[in-house]
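Inspection log for the structure reproduced underneath, given as C-alpha cells.
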Amino acid sequence: MAQKPEYCRVPIEVIKRYGGDFPFDLYLRLSDDKLVRVGHANDDVKDTVAHYVAKGVKEIFAIKEDYIRFVELMNKDLTAKFFDVKTSSEDKMEILQSSFSVLKESFVKIGVSQASVTLARELAKKSGEFISQHMATKDFFTQFKGKCSSEYVRSLFVGSVVLNMFDNLDWKTDSIRQHVMEALLLRDILLSPEDFVSIKEMRDTPKRLLGEVYNHPKATVELLTKDNCRDFSPDVLVMIEHHHERPDDKGFPGVVNENSIPIMPAMLIVADEFIERVITWAFAPDSRSLALNELAGIFKKGNFRKALNALTAGI
Ligand SMILES: [Fe+2]
C-alpha cells in the first residue's frame, strides 16, 4: 500500500501572491485525517481560495514535499530579487508583505528558529514605535524604512540570529533583546541606498568611503544623545558606535580593536557577517556551514570569539 502523504499548512498570503501560477495541489482539511483537493497544480487558485476564505476557511494545505520544493525554488528567486540593489523599494515592500513566510522559511532552513524570527518582528515593531516617538530620530527612521527596505529587513533577520545566539546565554533579558532591535533599526538611519552600495563596493577598502559614510556610526550616536538626551540605553549606543568594526582591518572607523570590543556589538557584528554570507549564497544547503567556517577564520579572539561560539551553538 502506498504511504500516506504528509500535509503542511500553506500561508494564505503566499497563495495570494503566487496563486496565479501555483505548481502544486492545494487541499482543505475536513477532519483530522481527511483532506479534499480544492486546487490543481498550475491552476489559477486565487479565486478558489478567496471563495473559501470568505466562507471562513483559515487554513489551506499542501503535500509537505511539494511545498518544500516550492519554497526552495522561491528562496533563490526571492532572495536574489529582494536583496538586489536594483529592485525598487516599492517592489521590495510588496515582496516583503506577501512573501515574509517564504523568506522566513529560508532562515529557518539555515538554523534560525521560527520563534526567533517571530520575536524579532514583534520587537522591531515595538522598537519602531519607540523610535518614532523621538523628534530627533522620527523622520530619519521613516525615511530609512521607506527607502532602504532591504536593509530594514536584513536588520530583522540579523536580529533573529542574535536572539537565537542569546538562547544559550544566561544573561539575556527582555530589555537586552529590545536594545538589540533598537540598535539594529537605528544604526543606519543616516544612510541612503547609495551609501549601502558604496559600503558594499568598498568592503575591503573602507578608508575610501565618503567621510559622512565612514563616520555614520559616530554621527548616529551624536544624534541620539543630542541635547543630553538619555532616552537610548548605553547598550544601544555602544552597539551603534561599533557596528562596522571588524578584527581584520576591514572595519571602520577602527576605534576599537579585537581585544577590547564589548560583547554586545561583537554579537551584532558576527550575526551581521553570517547573514551577509548566507544571503550572498542564496541560502544554498551548505551556506550555513560554509559561513561558520569562514567566520572561524576571522573572529578568533576575545568577545568576537565568544559571540561566534554563541552563534555556532545557537543555530
Ligand atoms: Fe552602518
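The values are calculated or read from the model by the stated rules, or taken from the named source; none is laboratory data. None of these values were measured; they are calculated from a predicted model. Neighbour counts are summed over all protein chains in view; Cβ atoms, including those assigned to glycine, are modelled from backbone coordinates with ideal geometry.
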Does at least one position in the range 257-264 carry a residue that is aliphatic (A, V, I, L, M) and either within 16 Å of the ligand (Cβ to nearest atom) or part of a loop (DSSP other than H, G, I, E, B) (or both)? yes
Output the residue which, of all residues in the range 282-304 that are surrounded by 16 or more Cβ atoms within 10 Å (Cβ to Cβ) and not in a helix (DSSP H, G or I), is modelled with the lowest pLDDT. 283
Going through (1) within 11 Å of the ligand (Cβ to nearest atom); (2) touching a helix residue (DSSP H, G or I) at 6+ places or on another chain (Cβ under 6 Å); (3) assigned to a helix (DSSP H, G or I) one by one, residue 252 fails only at (3)
Residues being β-branched (Val, Ile, Thr) and not in a loop (DSSP other than H, G, I, E, B): count how many of those fall in the range 175-210. 4
Condition (residue is touching a Lys or Arg at 6+ places or on another chain (Cβ under 6 Å) and closer than 30 Å to residue 135 by Cβ) applied to the range 242-263: is it met by at least one residue? yes
Would you pick out the residues in the range 1-16 that are at pLDDT below 80 and buried (at least 18 other Cβ atoms within 10 Å of the Cβ)? 14, 15
Could you look through the range 178-210, keep only residues that are crowded, with 17+ Cβ neighbours inside 10 Å and more than 16 Å from the ligand (Cβ to nearest atom), and pick out the one that is nearest to residue 255 (Cα to Cα)? 179
The residue from 138, 172 that alone is free of Cβ contacts under 8 Å to residues at least 40 places away in the same chain, assigned to a loop (DSSP other than H, G, I, E, B) and either more than 12 Å from the ligand (Cβ to nearest atom) or not charged (D, E, K, R) (or both) is 172
In the range 211-243, residue nearest to the ligand (Cβ to nearest atom) [restricted to those that are part of a helix (DSSP H, G or I) and hydroxyl-bearing (Ser, Thr, Tyr)]: 220
For the list (1) in contact (Cβ under 8 Å) with a residue 24 or more places away in the chain; (2) within 16 Å of the ligand (Cβ to nearest atom), I need the number of the one condition that residue 308 fails. (2)
If the Cβ limit is 7 Å and pairs must be 6+ apart or interchain, which residue in the range 232-250 that is closer than 11 Å to residue 206 by Cβ pairs with which residue that is within 14 Å of the ligand (Cβ to nearest atom) and of a type in the set (Phe, Trp, Tyr)? 244/252
